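Participant: Take this structure first; my questions come after.
The values are calculated or read from the model by the stated rules, or taken from the named source; none is laboratory data. What you see is a predicted model; the values in this text were computed from it and never measured. Cβ coordinates were reconstructed from backbone atoms using ideal geometry, including for glycine residues, and neighbour counts include every protein chain displayed. Please note that ligands, DNA and RNA were not included when accessible areas were found on the heavy atoms of the full protein model with its side chains. Shrake-Rupley method; radii C 1.70, N 1.55, O 1.52, S 1.80 Å.
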Amino acid sequence: MSIELIIFDLDGTLVDSCKDITRALNYCFEEKGISGFSEDEVRKMVGEGVNRLIEKALEARGIFSFKEPMLECFINYYKEHITDYSRPYPQVKETLNQLKDFKKAVISNKLTDLSIKTLNSLGLLKYFDFVGGSDLFSERKPSALPILETIKKLQTSCDRTIIVGDSELDIKAGKSAGVKTAAVTYGYRDREFLKDADFLIDKFSDLLNIIKLIGT
């Protein structure tokens with residue numbers, strides 16, 4: 001059955017935002033006299049939303065306090081520097097242009113306003129019919145709920161939907177929702193975390209062939 005709706009993850013899938021996230025995190029940690037993190041370290045921590053990022057980062061430094069002030073600091077700094085270094089991955093804009101006849105949505109564990117600001121700043125917002133962050137739903141990925149609510153909102157069905165993401169969270173959410181799953185291999189997770197996806201995408205334009213294949 002052919003695809004009508006393509007749901008995308010944001011960070012690590014459409015946009016490489018790791019440097020800006022790292023800089024925001026390190027700014028707040030260094031303000032408290034706590035040592036920061038490398039981009040590689042942060043890349044392994046992102047994906048579950050800002051609350052979990054702050055928790056993981058504090059735990060990595062053996063700290064179990066400061067969460068609320070760190071969270072406020074991070075969001076305030078990140079809002080002002082959200083796309084200083086972030087860029088769409090290669091072929092993203094070109095491929096989205098070729099997918100203009102499909103319904104498209106972004107479901108991220110990032111906050112909704114930060115997701116919209118990222119997409120808008122990078123000229124990507126116009127491609128999407130809907131953008132939903134972790135604060136818009138009662139559950140976040142790997143729950144199927146954000147996918148199911150998005151499918152309902154955009155008036156299609158699970159068997160006509162595919163989710164494209166870079167982590168096991170996207171794959172688990174997709175499998176639970178009963179939609180097709182595609183994992184990009186250039187994102188924030190190693191290939192071993194992506195083994196359960198229906199399709200692997202080494203470069204973003206591979207998605208075009210996958211969509212055609214599903215429809216044949």
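Participant: How many residues does segment 3-51 contain that are out of contact with any helix residue (DSSP H, G or I) (no Cβ under 6 Å at 6 or more places or on another chain), of a type in the set (Lys, Arg) and either within 25 Å of Phe199 (Cα to Cα) or at pLDDT below 95 (or both)?
Facilitator: 2
Participant: Yes or no: segment 59-69 includes at least one residue that is surrounded by fewer than 18 Cβ atoms within 10 Å (Cβ to Cβ), within 14 Å of the chain's Cα centre (by Cα) and not in a strand (DSSP E or B).
Facilitator: Within segment 59-69, not a single residue is surrounded by fewer than 18 Cβ atoms within 10 Å (Cβ to Cβ), within 14 Å of the chain's Cα centre (by Cα) and not in a strand (DSSP E or B).
Participant: So Ser115 passes all but one of these: (1) touching a residue at least 40 places away in the same chain (Cβ under 8 Å); (2) within 19 Å of Leu53 (Cα to Cα); (3) not in a helix (DSSP H, G or I). Which condition number does it fail?
Facilitator: (3)
Participant: Within segment 1-29, take every residue that is part of a loop (DSSP other than H, G, I, E, B) and among the acidic types (Asp, Glu) and give me the one that is nearest to Ala105 (Cα to Cα).
Facilitator: So, considering only residues that are part of a loop (DSSP other than H, G, I, E, B) and among the acidic types (Asp, Glu), the one nearest to Ala105 (Cα to Cα) is Asp9.
Participant: Every residue in segment 180-199 that is under 15 Å from Leu213 (Cα atoms) and part of a loop (DSSP other than H, G, I, E, B), please.
Facilitator: Applying the first criterion (under 15 Å from Leu213 (Cα atoms)) to segment 180-199 yields 180-182, 198-199.
Selection gives Asp198 alone.
Participant: Closer than 23 Å to Ile3 by Cβ, in a loop (DSSP other than H, G, I, E, B) and either free of Cβ contacts under 8 Å to residues at least 60 places away in the same chain or not acidic (Asp, Glu) (or both), is that true of Pro146?
Facilitator: no
Participant: Could you please give the count of residues in segment 53-89 that are of a type outside the set (Val, Ile, Thr) and within 21 Å of Ser115 (Cβ to Cβ)?
Facilitator: Of all residues in segment 53-89, those of a type outside the set (Val, Ile, Thr) come to 53, 55-62, 64-74, 76-81, 84-89.
Those still in the list that are within 21 Å of Ser115 (Cβ to Cβ) too: 53, 55-57, 70-74, 76-81, 84-89.
Qualifying residue count for the region: 21.
Participant: Which ones in segment 168-183 are touching a Leu at 6+ places or on another chain (Cβ under 8 Å) and either over 13 Å from Gly47 (Cβ atoms) or of a type outside the set (A, V, I, L, M) (or both)? Walk me through it before giving the result.
Facilitator: Taking segment 168-183 and keeping what is touching a Leu at 6+ places or on another chain (Cβ under 8 Å), we get 168, 171, 177, 182-183.
Across segment 168-183, the qualifying residues are Glu168, Ala177, Ala182.
Participant: Can you pull out every residue in segment 150-176 that is farther than 20 Å from Asp129 by Cα and surrounded by fewer than 22 Cβ atoms within 10 Å (Cβ to Cβ)?
Facilitator: Residues satisfying the conditions are Glu168, Leu169, Lys172, Lys175, Ser176.
Participant: Considering only segment 80-91, I want to know if a residue exists there that is surrounded by 15 or more Cβ atoms within 10 Å (Cβ to Cβ), within 28 Å of Asp202 (Cβ to Cβ) and among the basic types (Lys, Arg).
Facilitator: No, that holds for no residue.
Participant: If we keep just the residues of segment 1-35 that are open to solvent by 20 Å² or more (accessible area, probe 1.4 Å) and among the small types (Gly, Ala, Ser), which is nearest to Pro142 (Cα to Cα)?
Facilitator: Ser2
Participant: Could you run through segment 123-139 and say how many residues are buried (at least 19 other Cβ atoms within 10 Å of the Cβ), modelled with pLDDT of 95 or more and closer than 19 Å to Gly49 by Cβ?
Facilitator: Final tally of qualifying residues: 4.
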